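Only one structure is covered here, and it is reproduced in the block below.
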Amino acid sequence: MKKSIITIAAAVCMAAVLTACGGSQTKTETTAAATETAGTEAAAGETSAEGSEAATEAAGGKLVMVTNAEFPPYEFRESNEIVGIDADIARAIADKLGMELEIQDMAFDSLIPAIQSGKADFAAAGMTVNEDRKKNVDFTDTYAEAAQVIIVKEDSDIASPDDLTGKKIGVQTGTTGDIYADDIENGDIQRFNKGMEAVMSLTQGKIDAVIIDREPAKVFVKENEGLKILDEAFTEEEYAIAIKKDNTELVDKFNTAIKELKESGELQKIVDKYITAE
Ligand code: ARG
């Protein structure tokens, strides 16, 4: 039922596309499911066709979000729709701002370039705040605590981060797991486009361990037999939404919305929808 209302709204919206569409009255959901993971190309699609920066669109009522939907429970595909904690938070923020939301899916290491070039307004992708990234984008207030953990086979001799010396370690390209793995002495780092591909490689015995964020790690270990997560985390970190550098106006708006979502308990509700307490 809800779906058909959205579809009708979308149709009306299409018809009225040259007039004032997508303002606070019309909350059309344009989850760009058709935009398959395809690097920066995906972001170039519709947005650049309109000839202007996504950032200026924000004023006209549309927010373009980029993510890498290979990261359950934060973002993943369900019958070709991008769902998850980040997608829900972004929708809630867009609702608060009275804006339309479009979600584009791309490689994780294309997200920051997409924001920098103005193809996207923001990235919500379980993105860890770090100093290096802060040089290229601004971050909102944090909305989740996270950690990098180590996945190994159940019978592995790797029992702590110290045991990773000289091992074959799988990571998702450009993630903080990738960055930390780089520091492991004599580590043989294998980079994958998707975290799940690293996990597959581990189950096939091609690598010894995977360094990845805790919540997706839990999902992947549940879905694949014979794996476990080491108790000792590699690092603790925090997630925030990335926005174009010096777009303080949008950062402020997002921070206000995030604060409201935290205070009203709505944020926790979203988390609880996707992460069940152990
Ligand atoms: N938290 C890690 C980072 O920021 C991994 C995020 C991966 N996110 C994703 N949607 N694939 O580097």
Output the residue which, of all residues in region 185-211 that are open to solvent by less than 10 Å² (accessible area, probe 1.4 Å) and assigned to a strand (DSSP E or B), is nearest to V271 (Cα to Cα). I211
Return the total of residues in region 66-84 being within 11 Å of the ligand (Cβ to nearest atom), open to solvent by 10 Å² or more (accessible area, probe 1.4 Å) and not in a loop (DSSP other than H, G, I, E, B). 2
Report the residue count in region 192-234 for those that are under 22 Å from E131 (Cα atoms) and at pLDDT 95 or above. 4
Given the condition open to solvent by 20 Å² or more (accessible area, probe 1.4 Å) and within 14 Å of the ligand (Cβ to nearest atom), answer yes or no: does some residue in region 110-125 qualify? yes
Only one of these conditions is not met by A233: (1) assigned to a helix (DSSP H, G or I); (2) surrounded by fewer than 19 Cβ atoms within 10 Å (Cβ to Cβ); (3) among the aliphatic types (A, V, I, L, M). Which number is it? (1)
Taking first residues from region 211-238 that are away from the ligand (no atom under 12 Å from the Cβ) and second residues anywhere that are among the basic types (K, R) and not in a loop (DSSP other than H, G, I, E, B), the pairs with Cβ under 8 Å that are 6 or more apart or on different chains are V221/K228; G226/K153; L227/K153; K228/K153; I229/R214; I229/K218; A233/R214
Would you mind finding the one in K222, K228 that is touching a helix residue (DSSP H, G or I) at 6+ places or on another chain (Cβ under 7 Å) and open to solvent by 50 Å² or more (accessible area, probe 1.4 Å)? K228
Starting from region 243-264, keep only residues that are among the aliphatic types (A, V, I, L, M), then list their pairs with residues that are in a helix (DSSP H, G or I) whose Cβ atoms are within a distance under 6 Å, requiring at least 6 positions of separation or different chains. I243/L250; I243/V251; A257/I93; A257/K96; L261/A92; L261/L267
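Does any residue of region 90-104 turn out to be in a loop (DSSP other than H, G, I, E, B) and either open to solvent by 30 Å² or more (accessible area, probe 1.4 Å) or within 14 Å of the ligand (Cβ to nearest atom) (or both)?
At the first step, the residues of region 90-104 found to be in a loop (DSSP other than H, G, I, E, B) are 98-99.
Next cut, either open to solvent by 30 Å² or more (accessible area, probe 1.4 Å) or within 14 Å of the ligand (Cβ to nearest atom) (or both) only: none.
No.
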Do you know which residues across region 154-183 are within 16 Å of the ligand (Cβ to nearest atom), closer than 21 Å to K222 by Cβ and in a loop (DSSP other than H, G, I, E, B)? T175
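The values are calculated or read from the model by the stated rules, or taken from the named source; none is laboratory data. Everything numeric in this text was worked out from a predicted model, so none of it was measured. Glycine gets a Cβ as well: all are built from the backbone with ideal geometry, and neighbour counts include every protein chain shown. Note: areas computed on protein heavy atoms with side chains; ligands, DNA, RNA excluded. Shrake-Rupley method; radii C 1.70, N 1.55, O 1.52, S 1.80 Å.
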